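Trainee: The structure follows.
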Amino acid sequence: MEGVPSLHASLIGILTFQVFLTPAVLVGVYYIGALFGPWLSWWMVMRARRSPVPDATIADRPMAEALRVPPYLNGGRGWLVGILVLLALELGWRMLFELLIAFFDMHDALIAIRNAG
């Protein structure tokens, strides 16, 4: 089969960093983060909010104290802010991975130009 590198050549390419593994793994990591990131964040906030807050000075207060919902964010307004923050974080996560994919596409194009000329 012409054009398909052998297993040995592929392994040598990976070990010498001539072939990147990242583009093949990038999409999977994106979906893992996009699907499980919000759930993990919610779980951590709920766990921190359930932990008891002992008497302490302001400087020594645990994270649970900082995660108390202010009164102006109770009800519908809190949900709206939460959804907007979630959408902004998901958009930022998507943009980060688009940037990484574009970087690897540019790398492949530059290697193709170098090899052509």
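Trainee: Which whole-Hz couplings ³J(HN,Hα) result when phi for each residue of region 21-33 is put into the Karplus expression 6.51 cos²θ - 1.76 cosθ + 1.60, θ = phi - 60°, listed in order with x for Gly and Pro?
Mentor: My calculation for region 21-33 gives 7, 4, x, 6, 8, 4, 5, x, 5, 4, 5, 4, x Hz in order.
Trainee: Could you go through region 34-45 in sequence order and give the Karplus-derived ³J(HN,Hα) for each residue, using 6.51 cos²θ - 1.76 cosθ + 1.60 with θ = phi - 60°, rounded to whole Hz, and x for Gly and Pro?
Mentor: Taking θ as phi minus 60°, the curve returns 5, 8, 9, x, x, 5, 5, 4, 4, 4, 5, 5 Hz for region 34-45.
Trainee: Still on this structure, I have one more. For region 1-42, how big is Rg over Rh, using alpha carbon atoms and the Kirkwood form of Rh?
Mentor: With Rg and the Kirkwood Rh in hand, the quotient comes to 1.27.
Values quoted throughout were computed directly from the atomic coordinates according to the rules given, and no laboratory measurement underlies them. Worth saying up front: this structure is predicted, and the values here are computed from it rather than measured.
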